[in-house]
1. Out of everything in region B:179-199 that is more than 8 Å from chain A (Cβ to nearest Cβ) and within 14 Å of A:Val216 (Cα to Cα), what residue ends up being surrounded by the fewest Cβ atoms within 10 Å (Cβ to Cβ)?
2. Condition check: in the same structural domain as B:Pro275 (by TED's automatic domain parsing), in contact with a Ser or Thr (Cβ under 6 Å, 6 or more places away or on another chain) and at positive phi. Does B:Gly250 satisfy that?
3. Filter region C:106-137 down to residues that are in contact with a Leu (Cβ under 6 Å, 6 or more places away or on another chain) and within 16 Å of C:Glu96 (Cβ to Cβ), then give me how many there are.
4. Working only within region C:148-169, note down all residues that are modelled with pLDDT of 95 or more and of a type in the set (Gly, Ala, Ser).
5. Looking only at residues in region D:200-236 that are closer than 17 Å to D:Cys189 by Cα, facing chain C (nearest Cβ under 10 Å) and among the small types (Gly, Ala, Ser), which one is farthest from the chain's Cα centre (by Cα)?
6. Residue by residue through region D:44-65, note down the ones that are over 16 Å from D:Phe6 (Cβ atoms) and among the acidic types (Asp, Glu).
7. For region D:120-156, name all the residues that are surrounded by fewer than 21 Cβ atoms within 10 Å (Cβ to Cβ) and farther than 27 Å from D:Lys292 by Cβ.
8. Given the structure, is C:Asn260 over 30 Å from B:Lys234 (Cβ atoms) and surrounded by 15 or more Cβ atoms within 10 Å (Cβ to Cβ)?
Number of protein chains: 4
Amino acid sequence: MDKLIFGIIGMGRIGKIHAENLLRLPQVELKAVADLYADKSLQDWASARGISTVTRDSADLLGDPDIQAVFICSLTDSHVPLIVQAAQAGKHIFCEKPISLDREQTQIALAAVQEAGVSLQIGFNRRFDHNFRCLQERIKEGAVGDLHLIKITSRDPSPPHEEYIGKSGGIFIDMTIHDFDMARFLADCDVEEVYAQGAVLVDPVFAKYGDVDTAVVTLKFANGALGVIDNSRKAAYGYDQRVEAFGSLGSISVQNDYPNTLEISTAEGVMRDKPLHFFLERYNEAYILETKQFAQSLLAGSEVPVNGQDGLQAELMALAARWSLKLGRPVKLSELDMLEAEQEAVKL
Amino acid sequence: MDKLIFGIIGMGRIGKIHAENLLRLPQVELKAVADLYADKSLQDWASARGISTVTRDSADLLGDPDIQAVFICSLTDSHVPLIVQAAQAGKHIFCEKPISLDREQTQIALAAVQEAGVSLQIGFNRRFDHNFRCLQERIKEGAVGDLHLIKITSRDPSPPHEEYIGKSGGIFIDMTIHDFDMARFLADCDVEEVYAQGAVLVDPVFAKYGDVDTAVVTLKFANGALGVIDNSRKAAYGYDQRVEAFGSLGSISVQNDYPNTLEISTAEGVMRDKPLHFFLERYNEAYILETKQFAQSLLAGSEVPVNGQDGLQAELMALAARWSLKLGRPVKLSELDMLEAEQEAVKL
Amino acid sequence: MDKLIFGIIGMGRIGKIHAENLLRLPQVELKAVADLYADKSLQDWASARGISTVTRDSADLLGDPDIQAVFICSLTDSHVPLIVQAAQAGKHIFCEKPISLDREQTQIALAAVQEAGVSLQIGFNRRFDHNFRCLQERIKEGAVGDLHLIKITSRDPSPPHEEYIGKSGGIFIDMTIHDFDMARFLADCDVEEVYAQGAVLVDPVFAKYGDVDTAVVTLKFANGALGVIDNSRKAAYGYDQRVEAFGSLGSISVQNDYPNTLEISTAEGVMRDKPLHFFLERYNEAYILETKQFAQSLLAGSEVPVNGQDGLQAELMALAARWSLKLGRPVKLSELDMLEAEQEAVKL
Amino acid sequence: MDKLIFGIIGMGRIGKIHAENLLRLPQVELKAVADLYADKSLQDWASARGISTVTRDSADLLGDPDIQAVFICSLTDSHVPLIVQAAQAGKHIFCEKPISLDREQTQIALAAVQEAGVSLQIGFNRRFDHNFRCLQERIKEGAVGDLHLIKITSRDPSPPHEEYIGKSGGIFIDMTIHDFDMARFLADCDVEEVYAQGAVLVDPVFAKYGDVDTAVVTLKFANGALGVIDNSRKAAYGYDQRVEAFGSLGSISVQNDYPNTLEISTAEGVMRDKPLHFFLERYNEAYILETKQFAQSLLAGSEVPVNGQDGLQAELMALAARWSLKLGRPVKLSELDMLEAEQEAVKL
């Protein structure tokens, strides 16, 4: 393959980011964008970038035989049907996380992908961050020996709007899912058991939706190592994304990125700026790189760097965390079948 | 009171540290030291410091009417009987942690102390560390608003000898107990529930004694805040003692202390020294301060800064952690009665 | 003006960087590039970017009435004639530093610019760096009160090739000139006197050309503040660019940028990566911003952010430093006329 | 020698610090203290520490045949006569810096010391600081290869009282002298030439005494390396003592010490405490160590770690700096004879 033609479904903030990043790549053309609410403004935006097709109907885009690959950046509940349709249309797929809020649905999507023999990359952008990539490489090279513990801190600068909270699927599948993926990525190992503690400390609105805004999740990896993630929906000082990996030879960590290295010493103390505000600032380069590596994998016919199984495993961890919080006990990923079956039985 | 006369029971490493620190204090005399293995060498050591009495029998020391206060620095299993005897002899008591490995025993000691109306301070030296004291003061002043999460990292540079492991009571009561106390100290609140994960990753010898060498313990405070502690018996880079407190207004943390601020930049990278090696280096000033504040409290007739209840609460947390690890589920401190009763029942 | 058409003269490394950065800007077209050695490869490079004209003769470019502004990125000795020609052709000019190695020549260029009424921006890219911009803003806002001292460390990762050294004009006009501009930029004040110490410690080749590779330059600002710059042609750990400003209310500093925040603690010590390697990595964003602000100034008809006077002042400082090193004493900028006249007299 | 008996002359702040530190040492007795203003309060202070003799007349102390070594902590103008008397009395001497404000006087003192065959240690306490000692050791081990540059920042938290300023001998001999010694200590090499810039920016009172409060001093070492020192009499954030050494293999630096490692991140930014306030806090351990090493050298009959030549060299640098500031040009240490002779000639 020496040229790739792309389409994007869902032109919200993240769709536009992927569009801009695709437009920078050689050997890549962005031919079409689809959005349920496409209007004059989107039309103008697309024209200014040489994108020829703008449609409200994703079927137009999926039906275009020129288009070889699609980005699915629409709302979560549309991911599975769009993956299935795109796979059936023979398109390679980049899908934002999570694949779905329901593991049966996710498995339907993965099956369609497998049957069609197309590639599916999941939007775990943090794997492409300069700090986390380095961290993973050094761990893999053995910088800290055998891994004993992975610690992830992940806090947002402020909670989402209430309407978003209700549809988010809860903190674990909406927010912690990135950390679950990071844990697996760094440990290079699946997780067997999850224990989640949570509390509503930031805003009572979370309780209204049976959700929490503060959480500590502990993990047991298949290789015996431990993990712990702490989350908050609101860190007053901004986006907080730090990781430490501890092993037999020592510890390796990455800190936040800062907008500058300025330090002011006065009679009050020593002051520096807060970390980069949020994910668009912090992971700007990571978004560029994930798009580039997706395109490069397709051009080279090689495996994508984050695949459907990665998406599924992180979802299973999120579901186990949700059960754990509900049941007040650790939950093994292997229990999910039974727990869901029991739940169904109760409903009947 | 304008002068205090002290005795010390148990003249191992920590007994000698307390002795040296007492000797620096004005208004204080160290009159006697007792040790089961007192010999010529201890005699010489004491003479050089103007300590008049050296005995193998702690009863000699406790029977001396001049002595107003004692340090109990002997092995853990002697703490309770010595506290009881010292209290009955009307001595004020400084006892190393833990009071005992058994909460009934601990309560017997506390009851004796209360009945005798003497003061009891527990050797939670970290409360007196320059970093942790500052941290606690700033939290109390409201620097981070309402507390949401306390995170404690506590790792030793290397595991103790095997004979020690067998008698230690396990990682939670031997090592994590300091972190349990730190959590309570910083949060200014008791803990209601504990969940402990553990693994044997450092040395298989721990498994032999039903112990673990790596642990992650999550906490629920009575006020709804969460806590998490991670421990390891071996950090290749030395003693690792860091704390972060996160709240509604931000985050506050203390890092390790380093032997110097040297930084070398070469073609290989940027290098600095490892943290201070172990507790004697790291908490040197804290040991001095805890001794000083104990003496000052007695001289002033005021409350000691870490009392028997603090000792008991940390023990209860350690016991709950042990049960949690055994049962594979979170354990409330209020369940301890029942769990111990069941255990007794099984034994019968 | 709502669209700007550009040409670039000199298509070496820096010419191409400006080209790429111009191509990203809205309202900007890059129509032509000129290079004495233009070949098929440059032709291809230009075609791939939609640049319609490639020529070996800068006169073609300067004679094109469509072109409103030019970048002069050719060798230093061509700067003055090209500035004069461009000014006479009515083009706005962006010229790389230094304008020339001779202040009379520089003044000829500035006069031509003034007469033609065009804009001239000098390529002091560091003014646009995220750290230094912030630093300058905070100083201006009064963060450290009245300025007492500016300290600049500026070290290259490795010396240039010998042929470059011979033609460079010496360390002060080639390398320190950036620091001279930075000093004026931060202090918002001209410099009156310079004292330069230098040594050949990195490579004896510098001595061959009457140059030094290590220098310490002290400055007296017109407002009474002091300054000090230290330079080296070779820092084993990479590009070292740090600044501190000290004043009546405290100190403000910026450190190097690092490729990541990774820190590894092992039995050997604590290690992190070296700073970003060299100016292309460190000042990547600064190059983009200087180009953008140049274009924006032209579009808005406003003053450019670094003008010909800024170029001249930094050159005068460099010339004074050269004299100071030669004479072994501090030299005032106001002495330059006399010193040059004496030198001429000696030659006659 | 297995026991050392000491006396101290001059019981101001620094005399008392040395007394307390001597009292901690084994094999050491502090028998007598002398102070021109000795009173009841000093008498009580001495009694509480078991110091048997308190006198107003230093001759009493120097005449006591038991006393083997003395600390001279009196005003600078008494140093030389006291050194001469002490040497003639056969006492080993620890003298605070500077030996005198006049190099002929200093040489008289050194000659007396040499003739008497006693030891003389100068109070350059910073050589004993944990950071600077490490720094010197690493440089000596070759951590940065051949030395190219030494950079020293040394700023006080606030200027001395006016009466002190008038008698201080000026900033170079009063304050910079420590940095001159540090430069020689780290470079392990003498300095040949000094250039000093200075300004009155902190307080106009300094101008009244022909002194400056802000200075930048550049150095040329005999081995060709360069040095630069910056001083201020007032750093709003406290005591600022940092050093960097740069060489062929890289850079090594030490930063300030801080009272704690606390860091608070809030919506305002990231804040930590100011450095340790002043020399008593910062160099507390260094004072202990210099006293200890002085006593150990005497007990072992070995060379003291900072001798009279070290005192003299730092003074010569200070005098050269004063001449440089006056003459507005660099001054070689070898010019001092001539400059002083000319000055004398003018006076005649």
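The values are calculated or read from the model by the stated rules, or taken from the named source; none is laboratory data. Remember, predicted model here, so these are calculated numbers, not experimental data. Every residue, glycine among them, receives a Cβ derived from its backbone with ideal geometry; neighbour counts consider all protein chains shown.
1. Restricting to residues being more than 8 Å from chain A (Cβ to nearest Cβ) and within 14 Å of A:Val216 (Cα to Cα), the top hit is B:Glu193.
2. yes
3. 3
4. Of everything in region C:148-169, those that are modelled with pLDDT of 95 or more and of a type in the set (Gly, Ala, Ser) turn out to be C:Ser154, C:Ser158.
5. Here the answer is D:Gly224.
6. Result: D:Asp44, D:Asp57.
7. D:Gly142, D:Gly145, D:Asp146
8. Spelling it out, it is not the case that C:Asn260 is over 30 Å from B:Lys234 (Cβ atoms) and surrounded by 15 or more Cβ atoms within 10 Å (Cβ to Cβ).
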